[in-house]
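Have a look at the structure below before the remarks.
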Amino acid sequence: MKQSRIFSVAVASAAVIGSVVAVSGTANAVFDPTTADRVTTNDQLGQEVPGTPYPATGWFLGDVAAPAGEVTFDGAGLNSAGGDVQVLNAFDAPASTLTDLVLDADFASVGDATFQVPIFANATGTGTDFTTLRPVLTGDEGFTATSQWVTSQALGTYAAGAVATLAEFQAQIAVIDAAGDPAADAAILAYGFITPSPLASSVQAVAFGDESTWFIPAPTGTYQPATVTVTQARTTGITVDGAGFFPNEELEVYFVDENAQGASPLDVVLTADAQGRVQDTVVIPADAVPAAGSYVITIGGLESGVILQGAVTVTADAVVAPVPVPAGPTAPVAVPVRANAAFTG
């Protein structure tokens, strides 16, 4: 039985192999497992209490109209279904920074989750004129200044449910700040996402300001065999089993000498399944494994930036001793003939 070896986990969009091998593609540095919080169980979510301020820290379930939906976690992330679900994270910043924060934000999801930012416009004092601003489009499609957004409540001259660009809402916030209570500028209260009934969604990660949160399990994986001959690497390859990627994302594969100063991905693209898992066999091209030696196999997600790495020992093919071939038929052995003795009279 072949022994599996556990992948180590590298981070973001680069893998350390000798020096650095960059993963090409669109991996976003804001999704960094080394600095992110990881929320993967319901026990890690607080609960908003109607009529009281938001929880001061951490992720929590926002108050919604009945029937409230259900939140579950699996390889796809935080799943919302069965009713209205809104998930928020407490945040404190001037609303004048909203556009800059949104332009730098990132939101990875599948389905119909909509990003949102609750604020107090504070037109008449601290803690007044609450509304929630959301992109009209789901997912990460509304993260530009010219994207269409909607306000849940009245905001200055905009009525509840009004649609305008993010830039236009930002300008309205500036007007409110200039005309309102000078001691109570508009403020961001939280950020997060909502999935309205009867829609469903799975959210993998959110990055906002200097905060990054992952809702998918930590990356793990194994590969086998960890020791192969040159011929085996080129023919039967290495079987990989990894998890912790974004659902359905494409993955690049590298196979390089452990002392390589750079590398290009193999002409192989793997794809994670709906649970962020990949199970496949990678056959190494001859030019990537020209001889025996110590190598590193790397799998990198093009969206998540998640990277799994492992060491592979490649041994020389066994030398087969030639079978001797006879030169021809064996000649018979000569037998001496003894002459009869002659008697004399």
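The values are calculated or read from the model by the stated rules, or taken from the named source; none is laboratory data. The structure presented is a predicted model; accordingly, all values stated were derived computationally and were not measured. Cβ sites come from the backbone with ideal geometry, for glycine too, and all protein chains shown count toward neighbours.
Scan the stretch 36-53 residue by residue and report those that are surrounded by 11 or more Cβ atoms within 10 Å (Cβ to Cβ), touching a strand residue (DSSP E or B) at 6+ places or on another chain (Cβ under 8 Å) and more than 30 Å from G305 (Cβ to Cβ).
Residue satisfying the conditions is E48 alone.
Return yes when A95 is hydrophobic (A, V, I, L, M, F, W, C), in contact with a strand residue (DSSP E or B) (Cβ under 6 Å, 6 or more places away or on another chain) and farther than 25 Å from N248 by Cβ and no when it is not.
yes
Could you tell me whether the stretch 102-124 includes any residue that is acidic (D, E), over 28 Å from G69 (Cα atoms), modelled with pLDDT of 95 or more and not in a loop (DSSP other than H, G, I, E, B)?
no
Just checking, does the stretch 282-301 include any residue being part of a loop (DSSP other than H, G, I, E, B), at pLDDT below 95 and either of a type in the set (F, W, Y) or surrounded by 11 or more Cβ atoms within 10 Å (Cβ to Cβ) (or both)?
no
From the list Q275, Q232, Q204, Q261, which residue is of a type in the set (S, T, N, Q) and assigned by TED's automatic domain parsing to the domain that holds Y54?
Q204
Residue pairs, Cβ under 7 Å, 6 or more apart or interchain, first in the stretch 127-138 and without any contact (Cβ under 8 Å) to a residue 60 or more places away in the chain, second of a type in the set (V, I, T) and surrounded by fewer than 15 Cβ atoms within 10 Å (Cβ to Cβ). List them.
If the second residue must be of a type in the set (V, I, T) and surrounded by fewer than 15 Cβ atoms within 10 Å (Cβ to Cβ), the pairs left are V136/V163.
Has the stretch 70-79 got at least one residue that is under 23 Å from the mean Cα position of the chain (by Cα), buried (at least 16 other Cβ atoms within 10 Å of the Cβ), in a loop (DSSP other than H, G, I, E, B) and at pLDDT 95 or above?
yes
Would you confirm whether or not the stretch 261-268 contains a residue that is surrounded by 12 or more Cβ atoms within 10 Å (Cβ to Cβ), modelled with pLDDT of 90 or more and assigned to a strand (DSSP E or B)?
no
Within the stretch 43-58, is even one residue under 17 Å from D210 (Cβ atoms), in a strand (DSSP E or B) and at pLDDT 95 or above?
Scanning the stretch 43-58, I find no residue that is under 17 Å from D210 (Cβ atoms), in a strand (DSSP E or B) and at pLDDT 95 or above, so the answer is no.
What about S197, is it among the polar types (S, T, N, Q) and either assigned to a loop (DSSP other than H, G, I, E, B) or surrounded by fewer than 18 Cβ atoms within 10 Å (Cβ to Cβ) (or both)?
Here the answer is yes, as S197 does meet what is asked.
Being surrounded by fewer than 21 Cβ atoms within 10 Å (Cβ to Cβ) and either outside any strand (DSSP E or B) or at pLDDT below 95 (or both) is the filter here, so list the residues in the stretch 225-240 that pass it.
Listed by number, the residues that qualify are P225, A226, V230, T231, Q232, R234, T235, T236, G237.
Which residues, counting only those in the stretch 81-117, are on the phi > 0 side of the Ramachandran plot and hydrophobic (A, V, I, L, M, F, W, C)?
Passing the criteria: none in range.
Which of the residues belonging to the stretch 125-137 are part of a strand (DSSP E or B), among the hydroxyl-bearing types (S, T, Y) and more than 23 Å from A200 (Cα to Cα)?
Correct list: T131 only.
When residues of the stretch 104-132 are filtered for being farther than 23 Å from Q153 by Cα and hydrophobic (A, V, I, L, M, F, W, C), how many remain?
4
Looking at (1) buried (at least 21 other Cβ atoms within 10 Å of the Cβ); (2) over 28 Å from G301 (Cβ atoms), which is the only condition D181 fails?
With respect to (1) buried (at least 21 other Cβ atoms within 10 Å of the Cβ); (2) over 28 Å from G301 (Cβ atoms), D181 is out only on (1).
Taking the conditions exactly as written (under 30 Å from T97 (Cα atoms) and of a type outside the set (V, I, T)), does F245 satisfy them or not?
no
Looking at F245, F255 in this structure, which one is touching a residue at least 40 places away in the same chain (Cβ under 8 Å) and outside any strand (DSSP E or B)?
Going through F245, F255 in turn, the sole match is F245.
Which one of the conditions (1) more than 15 Å from A205 (Cα to Cα); (2) modelled with pLDDT under 95; (3) touching a strand residue (DSSP E or B) at 6+ places or on another chain (Cβ under 6 Å) does D140 fail to meet, given that it meets all the rest?
Among (1) more than 15 Å from A205 (Cα to Cα); (2) modelled with pLDDT under 95; (3) touching a strand residue (DSSP E or B) at 6+ places or on another chain (Cβ under 6 Å), D140 violates only (1).
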